[in-house]
Each structure stands twice: as structure tokens, then as C-alpha cells.
1. Does the stretch 46-58 hold any residues that are assigned to a strand (DSSP E or B) and in contact with an Asp or Glu (Cβ under 6 Å, 6 or more places away or on another chain), and which are they?
2. Residue check: is ASP122 over 21 Å from HIS48 (Cβ atoms), over 14 Å from the mean Cα position of the chain (by Cα), in a helix (DSSP H, G or I) and not basic (Lys, Arg)?
3. Here are some conditions: (1) assigned to a helix (DSSP H, G or I); (2) within 16 Å of the chain's Cα centre (by Cα); (3) in contact (Cβ under 8 Å) with a residue 40 or more places away in the chain. CYS29 meets all but one. Which one does it not meet?
4. Looking only at the stretch 1-21, which residues are assigned to a helix (DSSP H, G or I) and either aliphatic (A, V, I, L, M) or within 20 Å of ASP35 (Cβ to Cβ) (or both)?
5. So, of the residues in the stretch 125-144 that are in a loop (DSSP other than H, G, I, E, B) and among the aliphatic types (A, V, I, L, M), which turns out to be surrounded by the most Cβ atoms within 10 Å (Cβ to Cβ)?
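Please treat every number below as a calculation from the coordinates, not as lab data. Treat the numbers as computed from the prediction; the structure is a model and nothing was measured. Note that each Cβ is placed from the backbone with ideal geometry, even for glycine, and that neighbours are counted across all protein chains shown.
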Amino acid sequence: MLASDLDRVMQIETRAYAFPWSQGIFKDCLRAGYDCRLLCLDSHIAGHAVLSAAAGEAHLLNICVQREQQGKGLGRDFVRHVISRARRLGADAVYLEVRPSNKKALRLYDSLGFKQIGVRKDYYPGDPLKEDALVLALEIYNDFD
């Protein structure tokens, strides 16, 4: 992902989430050197992911597939790709937060072997109430691919 991709990334992000990341957050992630990836189909951006990796751990901060491409297995493949990237970056585990109300994401992460390790109270903005985040973890090994 490059700064020049952010207009398209923002189109996907704002259509997918009620409380999307701002363009400034994506710029900060690029500046910080996080592993920012695009999912491309026929040279068109169809999704994005942001991964932070350090000290043997990786944190999947954001992953999104455009609405029209959801339900086709692309999200699963993209998450697997990001996990492989985490492993190549030296991580032994990947962590993420997910809304309890995001049942499709929970099923996907469960099918890939993620396990709940905690809850962050009032983590996500909401309307009218904030929503907790489930903290999930996946131990990864050299043979994940």
C-alpha cells in the first residue's frame, strides 16, 4: 500500500464499516513502517490490511474486503496471506480485536484457528453504546503456509 492508494482504500473502508479508520490513521501506519497490504483483483484494489510486527508478535490492526467481493473466499485467502507475512516478519503469534457482533469475521477467524484470549471493554465506538472487543490470538509456525 502506498499513500497514492489511500483514496481507494478509504472508499472500501467507509463502505464496509460504520466507524471506519480515517485517512490520517492509514497515513500514520504507512509512516510508521507497518506492513500495509492491498488485495488486488485484475489490477483493481479490492481490500486492504495493516499489520504491525515486532518482538516476535504481530497485530492485525485492520483488514477489509470490499463489500461486493465478500463471501467469495477472498477474505480467508487474504487473512492467510497476512498471517504468512507475519511469520516472515518473525512473529510467533498474531493478535487481533474483533467486534462480538461481527459474526462472519468470528467464524472466519475461528476456522483459521484463532482463539479468544480476552475482552477489551468499550473498545469500539458505537451508536448509542460502545462495543467490547474480543481479543483473539493465533500461534503460528514455520509450516503455516
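1. LEU51, the sole residue that qualifies.
2. no
3. The one condition CYS29 does not meet is (3).
4. Within the stretch 1-21, ALA3, SER4, ASP5, LEU6, ARG8, VAL9, MET10, ILE12, GLU13, ALA16 meet the criteria.
5. ILE140
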